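First comes the structure, then the notes that go with it.
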Amino acid sequence: MQNTMQKSWTKESLATFLIASLKGISQVLLINNAISGLFILLAITTSSFLLGIMTLLSAFIGTIVGILGGADKESIKQGLFGYNSVLTGIVLTLFLTGPYHWIIALFGAAIAAVFTAAMMHAFKNSGVPILTFPFIILSWMMLLASYRLKEFHLTPTLFPQDLLNWEVDMTGNIDWVEGMFNGIGQIFFLHSTLSGILLFIAVFWAGWKLGLYVIIGNSVALLVSYLLGGEPNLIFMGLYGYNAILTIIAVSAVFNTKSNRFNLFSGIVGACLTVLLTASIATLLLPYGLPALTMPFVLSTWLILSARKVLPRL
Amino acid sequence: MQNTMQKSWTKESLATFLIASLKGISQVLLINNAISGLFILLAITTSSFLLGIMTLLSAFIGTIVGILGGADKESIKQGLFGYNSVLTGIVLTLFLTGPYHWIIALFGAAIAAVFTAAMMHAFKNSGVPILTFPFIILSWMMLLASYRLKEFHLTPTLFPQDLLNWEVDMTGNIDWVEGMFNGIGQIFFLHSTLSGILLFIAVFWAGWKLGLYVIIGNSVALLVSYLLGGEPNLIFMGLYGYNAILTIIAVSAVFNTKSNRFNLFSGIVGACLTVLLTASIATLLLPYGLPALTMPFVLSTWLILSARKVLPRL
Amino acid sequence: MQNTMQKSWTKESLATFLIASLKGISQVLLINNAISGLFILLAITTSSFLLGIMTLLSAFIGTIVGILGGADKESIKQGLFGYNSVLTGIVLTLFLTGPYHWIIALFGAAIAAVFTAAMMHAFKNSGVPILTFPFIILSWMMLLASYRLKEFHLTPTLFPQDLLNWEVDMTGNIDWVEGMFNGIGQIFFLHSTLSGILLFIAVFWAGWKLGLYVIIGNSVALLVSYLLGGEPNLIFMGLYGYNAILTIIAVSAVFNTKSNRFNLFSGIVGACLTVLLTASIATLLLPYGLPALTMPFVLSTWLILSARKVLPRL
């Protein structure tokens with residue numbers, strides 16, 4: 001035992017660990033590629049150094065939970081224990097404040113990996129991937145806890161609102177180019193053009209087809225949300241786009257296993273659905289002041305991937 | 001391929017398609033019978049011509065999604081891809097307004113069929129039918145989206161209310177006969193006695209036993225909701241009855257496969273439960289201004305059908 | 001048939017029935033022991049004679065539903081059809097008022113057993129126990145129904161609140177000893193020290209290790225909720241402790257099947273999680289005026305038990 005432990009701390013193992021963690025970062029975009037992960041980390045770090053550190057630490061923690069818990073090695077290596085931790089770490093760093101919010105964020109990252117394992121078990125016979133469901137539910141729960149626990153300080157950007165007096169705010173500038181970069185940036189809560197470019201590099205590195213889908217998915221979402229009368233401020237900040245991007249990647253590329261399908265069409269339908277779901281889920285969460293996170297992506301993708309088992313041409 | 005396509009557009013296939021669509025309409029009442037579907041369509045059309053057209057188009061769309069998606073032919077023929085589309089089309093036609101609400105309704109009908117396929121997959125090992133769950137969740141989501149998307153106009157009959165200032169309104173006339181016809185009418189949001197009579201014909205055509213259960217289920221619901229102090233206005237508009245009717249049909253007839261059971265008793269218990277669930281779900285939805293739709297039926301029926309696997313005499 | 005029925009009413013069967021019912025009471029604490037059940041019943045009866053009677057009747061009803069429904073005898077004997085009925089009976093007795101609330105409570109107890117059967121079926125391939133989920137959902141539904149049905153009178157202690165104007169109340173005395181007894185008492189909504197002592201006897205009777213876990217779980221919860229800035233009033237009334245107690249019993253003892261695990265550590269993590277979940281769920285339920293009941297325990301325990309299937313060392 002002692003022997004194995006020592007052996008496991010060789011340079012080789014450290015490299016494996018680092019690669020698994022970087023893949024964990026790339027898995028947020030459903031990509032299994034350490035270099036892409038590195039570009040994403042760079043995109044985050046150029047926006048905020050602290051957030052970059054938290055991203056890397058969260059990825060480490062998720063991977064460590066997988067290793068210590070004794071998970072299947074292949075899953076760990078693909079970064080499947082990392083991506084929910086990464087997102088949870090980021091969200092709790094951004095939406096909580098106070099001196100100890102980073103401890104809460106890292107604790108959240110650890111629990112996200114446990115939750116990931118739990119969902120893997122629950123979904124093992126479903127033929128459908130768990131996506132970012134653990135991150136979403138866990139983050140919502142941690143943010144909600146702030147209303148009851150004084151040491152959890154919510155940022156003032158999140159606050160409950162009353163649906164009875166709710167008015168859609170139609171002010172705001174129309175800026176299609178910014179909308180293009182903000183869509184992919186929003187996946188990691190980033191707003192700078194440089195970050196957007198680095199994220200595009202991360203995606204194109206993993207495959208030109210993925211990059212193309214990102215552009216199509218985001219364009220569809222910008223157009224549909226604009227035509228249906230969404231709030232311009234939200235549209236061009238990319239808040240209608242990021243779920244569409246993830247959905248088209250999942251539906252048309254990553255989880256598409258047959259060639260004789262309308263798979264681009266299904267991805268576009270999925271992207272349209274995320275626009276509706278973004279609007280619905282934002283409404284549902286309004287009284288609690290919570291952000292929709294990637295729930296529209298998860299629901300839309302589950303819908304289409306499950307339906308494919310019964311409608312094989314979808 | 002070309003050849004098969006041409007062949008599939010013969011008169012025979014058109015008849016099959018029409019029958020499947022009409023059965024889709026009848027499946028709302030858990031009936032697998034095209035003539036019953038025709039009577040239901042008639043009941044809807046006598047109330048509103050537009051709603052009749054939308055019902056038929058929605059049934060067509062659901063069936064087409066099943067065919068194009070490559071679903072199992074037997075399921076398509078029984079109308080199993082139609083009924084959630086029919087209900088979604090009706091609800092979105094009724095509760096949305098504006099010049100394009102019918103496009104949204106038909107889009108909703110298509111997604112309802114995809115959602116139906118997804119649920120069929122998710123429930124395939126459960127031994128429990130999916131019922132109208134896809135319709136309910138999809139309709140709620142589409143209605144909620146209206147708070148964020150300007151082109152989705154909600155009818156003024158749906159509006160969020162505050163539970164803190166909520167008062168039960170005990171005014172309203174007691175009219176048991178109207179309550180009898182309104183119960184079955186409410187399944188399709190119909191309020192005329194003629195529609196009620198046509199719906200009864202549809203049910204009795206499919207089997208006198210079904211018709212009897214409709215009467216028993218509705219009577220139980222009227223009585224129980226009245227005794228427990230429900231709002232008279234809601235009771236006699238059939239709003240406590242329609243879920244009870246669907247539940248007793250499902251529990252005591254359609255999904256009842258053994259004879260040595262308390263199956264009428266179970267259906268009556270299920271009907272009573274829908275009264276409680278109607279009250280609970282209406283309360284839960286109050287802050288969002290959403291209607292309960294057939295959720296009480298779905299939950300009550302799932303409860304009893306699942307319990308039967310462990311309590312076989314139920 | 002007649003013959004079997006008569007035979008089933010011998011003295012021996014009556015003893016079996018009584019033992020199953022008492023075990024049903026003990027199963028609330030995840031204990032399969034009739035003597036422990038008797039001590040729990042005593043603890044409840046010393047607090048309120050009516051509540052004691054309702055507890056026993058609810059246990060009887062749950063067991064009877066199992067027998068009449070034709071459930072697996074082993075499950076009935078272990079009290080698995082009783083504990084959700086017991087809790088539902090207690091909650092509806094305590095939180096509803098009016099002349100007929102005890103009828104509603106006993107009806108609730110019967111439905112709780114049906115719901116238990118339904119969940120057993122739904123979870124049969126999950127490898128995870130249903131815990132008190134049926135009790136929680138059913139009780140919430142019955143309490144919510146009171147807003148719509150005049151004959152359901154809610155106690156004034158439950159009332160909807162507005163999250164927009166919500167303030168955490170940091171007043172209240174710090175009393176660690178009281179917190180110790182109130183934690184275990186809260187599982188049955190009991191507040192007297194005598195009841196607390198009788199409950200400790202019930203647990204220690206079933207095994208000294210269980211008793212130790214109760215103390216550890218409650219201490220962890222008291223400490224963590226205090227450090228995170230929970231409301232002192234709630235902490236020392238045991239409202240952060242009871243879910244932690246149940247979770248550590250479930251995770252570290254009852255559903256722990258392997259020895260080479262960090263099982264005490266996992267139980268402590270689970271207990272910490274219940275503190276966060278208690279805060280989150282209380283926030284979610286605030287607008288509806290519902291109590292969190294044992295939902296934090298159920299979610300935390302499901303999380304860890306499911307995760308263990310993928311992370312076997314947890």
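The values are calculated or read from the model by the stated rules, or taken from the named source; none is laboratory data. Just so it is clear, the model here is predicted, and its values are computed rather than measured. Backbone-built Cβ (ideal geometry, glycine too); neighbour counts: all protein chains shown. Each accessible area value is taken on the protein alone, full model and side chains, heavy atoms only, with ligands, DNA and RNA left out. Shrake-Rupley method; radii C 1.70, N 1.55, O 1.52, S 1.80 Å.
Tabulated data for the structure shown
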| item | result |
| --- | --- |
| B versus A: buried accessible surface, summed, Å² (probe 1.4 Å, to nearest 100) | 3000 |
| Solvent-accessible surface ranking, highest first, for C:His191, C:His153 at 1.4 angstrom | C:His191, C:His153 |
| Cα gyration tensor category, rounded, prolate or oblate, for the stretch B:6-98 with a/c compared to 1.5 | prolate |
| Most fluctuating residue given options A:Phe39, A:Phe95, A:Phe262, as computed from a GNM of chain A linking Cα atoms under 10 Å | A:Phe262 |
| Spatial extent of the protein assembly as shown: Rg and Dmax, with the Cα atoms as the point set, Å | 28.1, 84 |
| Amide proton proximity set for B:Gly289, modelled H, under 5 Å, gap of 5+ | B:Gln161 |
| Magnitude of the charge dipole, the protein assembly as shown, Cβ model with Lys/Arg +1 and Asp/Glu -1, debye to 20 | 3480 |
| Span-rule helices in chain A, defined as complete DSSP H runs reaching 27 Å or more along the axis (Cα) with Kyte mean at least 0.5 | A:49-69, A:101-122, A:208-227, A:263-285 |
| Positive-end residue, chain A charge dipole about Cα centroid, Cβ charges, pick of A:Thr274, A:Ile25, A:Pro99 | A:Ile25 |
| Highest-MSF residue in chain B out of B:Phe200, B:Phe123, B:Phe135 [GNM, Cα springs under 10 Å] | B:Phe123 |
| Exam field: B:Gly172 pseudo-label spacings to other copies (7 Å along Cα-Cβ), nanometres | 4.0, 4.0 |
| Candidates A:Ile174, A:Ile268, A:Ile197, ranked by Gaussian network fluctuation over chain A, Cα under 10 Å, top entry | A:Ile174 |
| Cα gyration tensor shape of the stretch C:148-288, rounded if a/c is under 1.5, else prolate or oblate by comparing a/b with b/c | prolate |
| Residue-wise HN-Hα coupling along the stretch A:234-248, computed from phi with Karplus coefficients 6.51, -1.76, 1.60 (Hz; x: Gly, Pro) | 6, 4, 7, 7, x, 6, 9, x, 5, 5, 5, 4, 4, 5, 5 |
| Centroid-to-centroid separation of the stretch B:177-237 and the stretch C:256-301 [C-alpha atoms, Å] | 44 |
| Amide hydrogen neighbours beyond the local backbone of B:His153, cut-off 5 Å, H modeled | B:Thr97 |
| Beta carbon of chain C nearest to the axis of the rotation taking C to B, residue and angstrom distance | C:Pro287, 4 |
| Members of A:Lys23/B:Lys150; A:Lys77/C:Lys209; B:Lys23/B:Lys124; B:Lys124/B:Lys258; B:Lys124/C:Lys150; C:Lys23/C:Lys309 lying beyond 32 Å, as alpha-carbon distances in this model show | A:Lys23/B:Lys150; A:Lys77/C:Lys209; B:Lys124/C:Lys150 |
| Residues of the stretch A:222-243 buried by at least 50 Å² on assembly (accessible area, 1.4 Å probe, chain alone as reference) | A:Leu228 |
| q = 0.08, 0.11, 0.13 Å⁻¹: log10 I(q)/I(0) that the Debye formula gives for chain C, counting C-alpha atoms only | -0.34, -0.66, -0.93 |
| Chain-alone versus full-assembly comparison, the stretch B:117-136, residues with accessible loss of at least 40 Å² (1.4 Å probe) | B:Ala117, B:Ala118, B:His121 |
| Scattering curve values for the stretch B:38-86, log₁₀ I(q)/I(0), Debye with Cα scatterers, q = 0.13, 0.16, 0.18, 0.29 Å⁻¹ | -0.31, -0.45, -0.54, -0.98 |
| The stretch A:59-112-the stretch C:88-114 distance, computed between alpha-carbon centres (Å) | 43 |
| Nitroxide proxy distance, nm - points 7 Å out along Cα→Cβ at A:Lys124 and A:Leu14 | 3.5 |
| Of all accessible heavy-atom area on chain B, the percent that carbon and sulfur account for (1.4 Å) | 68 |
| Per residue solvent-accessible surface (Å²) - chain B, probe of 1.4 Å | 39 |
| Cα gyration tensor, the stretch B:72-212 - rounded (a/c under 1.5), prolate or oblate | oblate |
| List of the stretch C:159-175 residues, accessible area with partners at least 40 Å² below that of the chain alone (1.4 Å probe) | C:Pro160, C:Leu163, C:Leu164, C:Trp166, C:Val168 |
